[in-house]
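Asker: Following this message is one structure expressed as structure tokens.
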Amino acid sequence: MATAAPSAASRIAVVTGASSGIGAATARRLAEAGYRVVLTARRKDRIEALAEELTAAGHSAAAYPLDVTDRAAVDEFATAFKTVGVLVNNAGGALGADPVATGDPDDWRTMYETNVLGTLNITQALLPKLDASGDGTVVVVSSTAGHATYEGGAGYVAAKHAEHVLAETLRLEIVGRPVRVIEIAPGMVRTEEFALTRFGGDTEKAAKVYQGVAEPLTADDVADTIAWAVTRPPHVNIDLLVVRPRAQASNSKIHREA
């Protein structure tokens, strides 16, 4: 089934965390689908390079350096728009894999601020713009960690559970308004930075996450899922879509080849 073209009122798509991984891949897919993408992330050089790449390919893209945990900066960013059609809340990430007994409270705080408060900040700031489009979509890129627990992941799991609840509650609170709330919950995704960041740059620990897994999801797999959900007809809301690689049956049940 062909994807629906975005309406004239909802051509702008804001993507947070667009400097790499799922965010960058999603920006590419939405640009290909005809959206004017606004790339946000803290790393100015990365998003500017991506904006140049997309523009050179004939798409419409702009880079805006932004830390979603900085509420004043987020509010200032929002003033640039009269309407926004799509907001993809992708900024976030995991830090550490320590048990609850020894987890670093600073890591927990950082994960909560980026995954939860960052999503809250940008969603609150752009919700009036999404309303004004007459056909808005909020996407929350959560994780299967937001739906089940696993040992060594409590800080990230707690943050992603909170992000899931934010999306679910927002959907209840704005029903009847012209804004959809979509949650995409990926399982194991192999990107260039996620596991490396989680383990503080330890390449050996990062590699073990995917060891023996023939085909983890890629950022493009998740981006394709996001783009599909966003481009459904306006009356169709994909409340929650869980996407895992075939080798992963749950957060802790993974087939690894010898």
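The values are calculated or read from the model by the stated rules, or taken from the named source; none is laboratory data. All values reported here derive from a predicted model rather than from experimental measurement. Ideal geometry is used to build each Cβ from the backbone, glycine not excepted, and the neighbour counts take in all protein chains shown. Areas reflect the complete protein model, heavy atoms only, side chains present, ligands, DNA and RNA absent. Shrake-Rupley method; radii C 1.70, N 1.55, O 1.52, S 1.80 Å.
Asker: Residue check: is residue 180 under 23 Å from residue 81 (Cα atoms), under 16 Å from the mean Cα position of the chain (by Cα) and among the basic types (Lys, Arg)?
Answerer: yes
Asker: For the range 56-82, give me each residue that is open to solvent by 50 Å² or more (accessible area, probe 1.4 Å), of a type in the set (Val, Ile, Thr) and in contact with a helix residue (DSSP H, G or I) (Cβ under 8 Å, 6 or more places away or on another chain).
Answerer: 69
Asker: Test residue 165 against the stated conditions and say whether it is part of a helix (DSSP H, G or I), open to solvent by 50 Å² or more (accessible area, probe 1.4 Å) and modelled with pLDDT of 95 or more.
Answerer: yes
Asker: In the range 30-62, how many residues are of a type in the set (Gly, Ala, Ser) and under 19 Å from the mean Cα position of the chain (by Cα)?
Answerer: Of the residues in that region, 6 qualify.
Asker: Is it fair to say residue 151 is open to solvent by 10 Å² or more (accessible area, probe 1.4 Å) and in a helix (DSSP H, G or I)?
Answerer: no
Table: residues versus (1) charged (D, E, K, R); (2) more than 21 Å from residue 179 (Cβ to Cβ).
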| position | (1), (2) |
| --- | --- |
| 16 | no, no |
| 20 | no, yes |
| 26 | no, no |
| 40 | no, no |
| 48 | yes, yes |
| 51 | no, yes |
| 64 | no, yes |
| 70 | yes, yes |
| 90 | no, no |
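Asker: Quick test of your reading of the structure: residue 190 fulfils all but one of (1) modelled with pLDDT under 95; (2) more than 21 Å from residue 247 (Cβ to Cβ). Name the failing condition by number.
Answerer: It fails just one condition, (2).
Asker: Need the failing condition index for residue 159 against (1) touching a residue at least 60 places away in the same chain (Cβ under 8 Å); (2) not in a helix (DSSP H, G or I), just the number.
Answerer: Of (1) touching a residue at least 60 places away in the same chain (Cβ under 8 Å); (2) not in a helix (DSSP H, G or I), only one is false for residue 159: (2).
Asker: Cβ-Cβ below 8 Å, separation at least six or inter-chain, first residue in the range 45-59 and farther than 9 Å from residue 27 by Cβ, second among the charged types (D, E, K, R) and open to solvent by 10 Å² or more (accessible area, probe 1.4 Å): which pairs?
Answerer: From the range 45-59, the pairs are 59/32.
Asker: On to the next question. Taking the conditions exactly as written (surrounded by 20 or more Cβ atoms within 10 Å (Cβ to Cβ), farther than 19 Å from residue 144 by Cα and in contact with a strand residue (DSSP E or B) (Cβ under 7 Å, 6 or more places away or on another chain)), does residue 230 satisfy them or not?
Answerer: When the stated conditions are applied, residue 230 passes them.
Asker: Among the residues that make up the range 248-257, is at least one of them open to solvent by less than 40 Å² (accessible area, probe 1.4 Å), closer than 22 Å to residue 157 by Cβ, among the polar types (S, T, N, Q) and touching a Gly at 6+ places or on another chain (Cβ under 8 Å)?
Answerer: Yes, some residue in the range 248-257 is open to solvent by less than 40 Å² (accessible area, probe 1.4 Å), closer than 22 Å to residue 157 by Cβ, among the polar types (S, T, N, Q) and touching a Gly at 6+ places or on another chain (Cβ under 8 Å).
Asker: Please work out which one of (1) open to solvent by 60 Å² or more (accessible area, probe 1.4 Å); (2) at positive phi is the condition residue 93 fails and give its number.
Answerer: Tallying (1) open to solvent by 60 Å² or more (accessible area, probe 1.4 Å); (2) at positive phi, residue 93 fails exactly one: (1).
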